[in-house]
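A short worksheet on the structure shown next.
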Amino acid sequence: MPAQRIAVYPGTFDPITNGHLDIILRGLQVFDHIVVAIAENVRKEPLFSTGERIQMIVEAVGGDERVEVDAFSGLLIDYVKQRGATVILRGLRALSDFEYEFQFALMNKRLAPGVETVFMMTGEEAFYVSSSLVKEVASFGGNVAGTVPEGVLRALAAKLKKE
Ligand code: COA
């Protein structure tokens, strides 16, 4: 039996958007197993706890057993090796993502030459979407339906009401 093709899809996912979901679903056409990996030590102050983010992603992927959701701290590349994966999956949106992603991929390649970074173009509906933009619009009462999964819409409403 050929070896399983495992990809790690890392990010902050605060919260997951339909753009992320699109990458996960399209990634499943290429990889056998995708580990959606929430980075815990990024220089961002998340609105949602790691547990809340995991729950929102699990709900959004609807129990597909080829998708696993996990969290990691420390270097991404160490986590990728630990999981036995050989691919890092990343979504590319506008041209502005390119420079950062190029740097990121080259550094990871230097740290682990056997691991490839694979980019997928984000779907056109999500070209302009980011988690921060969604949170900002929602915090001022704007309608973000269609940019995030239903469960995230509910979680955003509940969280922002509390704050
Ligand atoms: N659709 C919609 N939005 C998307 C998207 C898509 N397909 N892909 C990315 N985005 C958005 C995200 O929502 C995020 O928005 P935000 O900045 O408003 O939160 C933004 O684009 C960038 O997100 P993401 O791709 O998730 O990157 P990140 O900066 O949140 O995560 C890590 C980067 C966590 C993967 C990276 O910092 C990391 O690996 N850290 C671990 C430490 C490490 O190894 N560092 C050395 C790296 S060489």
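One table, with the values for the structure above:
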quantity: Segment Asp97-Ala145, extension gain: residue separation times 0.36 nm, minus the distance between their alpha carbons; calculated: 14.9 nm
quantity: Gained length - Glu116 relative to Phe104, 0.36 nm times residue gap less alpha-carbon distance; calculated: 3.2 nm
quantity: DSSP-loop trypsin sites (Lys or Arg not before Pro) across the stretch 6-55, with at most 11 other Cβ within 10 angstrom; calculated: Arg43, Lys44
quantity: Nearest-ten-degree value, helix 50-61 long axis tilted from longest Cα axis of the chain; calculated: 80 degrees
quantity: Å³ per residue enclosed by the Cα convex hull of the chain; calculated: 115 Å³
quantity: Rounded tilt (10° steps) of 96-111 against the dominant C-alpha axis of the chain; calculated: 40 degrees
quantity: Sites Ala3 and Glu59 - FRET efficiency at Förster radius 41 Å, r taken between beta-carbons, to 0.05; calculated: 0.85
quantity: Whole-number accessible area per residue in Å² for the stretch 14-101, which is evaluated in the context of all protein chains at 1.4 Å; calculated: 52 Å²
quantity: Carbon/sulfur fraction of accessible area - the chain, other protein chains in place, 1.4 Å, %; calculated: 55 percent
quantity: Distance (nanometres) between label positions extended 7 Å along Cα→Cβ at Glu125 and Gln82; calculated: 3.5 nm
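The values are calculated or read from the model by the stated rules, or taken from the named source; none is laboratory data. What you see is a predicted model, and the numbers here were worked out from it, not measured in a lab. All Cβ positions, glycine included, derive from the backbone under ideal geometry; neighbour counts span all protein chains shown. Please note that ligands, DNA and RNA were not included when accessible areas were found on the heavy atoms of the full protein model with its side chains. Shrake-Rupley method; radii C 1.70, N 1.55, O 1.52, S 1.80 Å.
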